[in-house]
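Read the figures in this text as sums done on the coordinates, not as results from a lab. Keep in mind the model is a prediction, meaning the values are calculated, not measured. Here the Cβ positions follow ideal geometry from the backbone for every residue, glycine too, while neighbour counts run over all protein chains shown.
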Amino acid sequence: METKNILFEITDGIALVTVNRPESLNALNSQVLGELECTLYEIEHDSEAQVVIITGAGEKAFVAGADIKEMAAMTAYEGHRFALQGQRVMLFIEKMTKPVIAAVNGYALGGGLELALACDIIYASENARVGFPEVTLGIIPGFGGTQNLSRLIGPNKARELVFSGRMIPAQKALAWGIVNEVFPRAELAGKVMDLAREIAKNGLLGVGYAKNAIVNGLNMVKEDGFRYESSLFGVLFATEDQKEGMGAFVEKRKAVFKGK
Ligand code: HXC
């Protein structure tokens, strides 16, 4: 599919996805969301892609939110549909078998923070500012933010951020556990790439199963999560990667995983 607002390339197993609408600080309208969904679907089914990075074009923003100019004229029905469209993308990221890293290179607001929160790991630059300004617009987060943020940092801090609509700087987002690491702006892309390469070396299968256990386990009571984990653990013993990984250890050599 030809995508106008989403750039995407795969290099050495790393799929780099860039939301490319810098004139609107990469705001997500329904067209961008549709293109993002198609791109991620393509990546999920491309055996070359092992790890995914999502970032925003330009110097100012990762994604400054859902497109306010598009939302301004929506009816209740259209607003609901729009929220569902965005949620489908966020849930797809969670369901992908490949790990997804958000490289937050500036503003990550509203739907932009929701996009980052749907990813498995968030690395941010020092100039990043995150927040949920929705209540200042008379709405609430609608791409899963109320759910994902409170699960990640607990309901009290989530309520403070969402009720105030305030933006917080990268270091505070780090202290609150919203982002994993913060780097100088010029180092962000390199640090994200280093992490992606490190993960890619470990083989898609183990990493994908680990993602599955963590993400799905969060929706289960603990004992069910344990059961789920042990089932996935057992299934991996039917794979070539498990034989290769353990065989390589015993033979004192580096494992070469095939993802099967
Ligand atoms: C549409 C946006 C936008 C957005 C920025 N722009 N954010 N357009 N939707 N979310 C556009 C501006 O209108 C402007 O275009 C251009 O991008 C540059 O932005 P400026 O405001 O001129 O830049 P600056 O003064 O540096 O301010 C940056 C900013 C501000 C603080 C990030 O743009 C801002 O507050 N943006 C809105 C942030 C927000 O409220 N996000 C949450 C949206 S609600 P023009 O052509 O006018 O110059 C949401 C809901 C999700 O995300 C759930 C939906 C179901």
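Which of rounded, prolate, oblate describes segment 1-60, given a ≥ b ≥ c as roots of the alpha-carbon gyration tensor eigenvalues and a/c under 1.5 marking rounded, otherwise prolate only if a/b is larger than b/c?
In terms of gyration-tensor shape, oblate.
Suppose every Lys and Arg Cβ carries +1 and every Asp and Glu Cβ carries -1, with no other charges. What dipole size does the chain come out with about its Cα centre, to the nearest 20 debye?
Here the chain has a charge dipole of around 600 debye.
So how tilted is helix 155-164 from the main axis of the chain? Cα-based, degrees 0 to 90, rounded to 10.
Tilt relative to the chain: about 30 degrees.
Between ASP67, ASP120, ASP224, find the one with the highest GNM mean-square fluctuation for the chain; connect C-alpha pairs within less than 10 Å.
Answer for the Gaussian network model of the chain: ASP224.
In what sequence, highest mean first, do 226-239, 97-110, 184-197 appear when ranked by Cβ atoms within 10 angstrom?
Output ranking for 226-239, 97-110, 184-197: 97-110, 184-197, 226-239.
Springs between alpha-carbon pairs under 10 angstrom, Gaussian network model over the chain: which of LEU149, LEU137, LEU91 fluctuates most?
Maximum fluctuation in the GNM of the chain, among the listed residues, is at LEU137.
Treating cross-link reach as a plain straight distance, find the aspartates and glutamates whose alpha-carbon is under 20 Å from the alpha-carbon of LYS260, omitting any fewer than eight places away in the same chain.
Hits, sequence-local ones excluded: ASP12, GLU42, GLU44, ASP46, GLU48, GLU198, GLU229, GLU240, ASP241, GLU244.
Cα-Cα over 29 Å: which of LYS191/LYS243; LYS60/LYS222; LYS95/LYS222; LYS211/LYS252; LYS98/LYS243?
LYS191/LYS243; LYS60/LYS222
Antiparallel as a % of all DSSP beta bridges within segment 1-120, to the nearest 5?
Antiparallel bridges make up about 30 percent of those DSSP assigns within segment 1-120.
Among TYR41, TYR123, what is the fewest-to-most ranking by other Cβ atoms within 10 Å?
Neighbour counts put them in this order, fewest first: TYR41, TYR123.
Could you work out the helix-only [θ] at 222 nm for the chain, with each DSSP H run of four or more residues adding -39,500 (n - 2.57) and the total divided by the number of residues, to the nearest 500 deg cm²/dmol?
-14500 deg cm²/dmol
Over the chain, calculate the relative contact order: mean separation of alpha carbon pairs under 8 Å at least 6 apart, over the residue count, as a percent.
Over the chain, the number comes to 15 percent.
So which GluC sites (Glu not before Pro) in segment 12-51 are both in a DSSP loop and have at most 15 other Cβ atoms within 10 Å of their Cβ?
Passing sites in segment 12-51 are GLU48.
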